[in-house]
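In what follows, a single structure is set out as structure tokens and then discussed.
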Amino acid sequence: MGSDISAISSCPGCGAVLPEVDGPTHRYIGASPACWALYTALGGGGDPPLALSPWNALLVDGYAAQHPGRPSPQSIQSVAIHLLVLHGVFVAGVAPAQVMWLRRRVLRERLEARRAAFVWLDPPDFAGSLTVADIARPPTPQARAAMVEPYLRGVWERWSAPHAATVAAWYDRYVVPD
Ligand SMILES: [Zn+2]
């Protein structure tokens, strides 16, 4: 062990306290460089990788929703779309394997129409919620993959407490009708 004491910082989105890394962040997803590096490593296969699971395809939805960033046209659209996916799976009973269908349903609407409909929702407090650090902590692919669903549920529960009705109304408007 060296004598260095790594600086630590907490992620502005999920609150994960991690050793600081000097790295990139996403343009509008509000994550610390350390948290973003963990997420991109998981999405890129991980070391070890996540065991195959239909829930893995929703990691992006949970992560983007847990890191809403600051109000901007992009962040408003991003958070809304990812919350609609989480609502679809956890409230409307869509199978996780159908997540691509859900995204297509939302995105078929013209951007101008969605811009007019979606608004910034005050993000919940994610203190104490599971983070990608919890997914990356277990040593085996199976144990890591088993963390994804509880992670997603945790993110959705925080959002749905104050905003369930709003997201349900968006879902009825943008996902369900033909
Ligand atoms: Zn984070």
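The values are calculated or read from the model by the stated rules, or taken from the named source; none is laboratory data. As the structure is a computational prediction, the values presented were derived from the model and not from experiment. Here the Cβ positions follow ideal geometry from the backbone for every residue, glycine too, while neighbour counts run over all protein chains shown. With ligands, DNA and RNA removed, areas are computed over all heavy atoms of the protein, side chains included. Shrake-Rupley method; radii C 1.70, N 1.55, O 1.52, S 1.80 Å.
Some observations on this one:
- Peptides 95-102, 84-91 ordered by average Cβ neighbours within 10 Å, highest first: 84-91, 95-102
- Only protein atoms count toward the accessible area here, which uses a 1.4 Å probe; on segment 8-174, the carbon and sulfur part of that area reaches 57 percent.
- Label-point gap, in nm, between T40 and L52 - each point 7 angstrom along Cα→Cβ: 2.7 nm
- Karplus-derived 3J(HN,Hα), 6.51/-1.76/1.60, for each residue of segment 79-95, Hz, glycine and proline x: 4, 4, 5, 5, 5, 5, 5, 5, 4, x, 7, 8, 10, 8, x, 6, 5
- The mean sequence distance of close C-alpha pairs (under 8 Å, at least 6 residues apart), as a share of the length of segment 1-84, puts its relative contact order at 26 percent.
- Charge sum, other residues only, whose C-beta stays under 15 Å from Y39's C-beta, Lys/Arg counted +1 and Asp/Glu -1: 0
- Translational diffusion coefficient of the chain (Stokes-Einstein, Kirkwood radius from Cα pairs, 20 °C, 1.002 mPa s): 128 µm²/s.
- Summed residue charge, Cβ within 11 Å of H82's Cβ, Lys/Arg positive, Asp/Glu negative: 0
- Radius 11 Å from Cβ of P150, net charge of other residues (Lys, Arg +1; Asp, Glu -1): -2
- For segment 43-150, the list of trypsin sites (Lys or Arg not before Pro) that fall in a loop by DSSP and count at most 13 other C-beta atoms within 10 angstrom reads R108, R110.
- Three-way shape call for segment 1-106 based on the alpha-carbon gyration tensor, with the a/c threshold at 1.5: oblate
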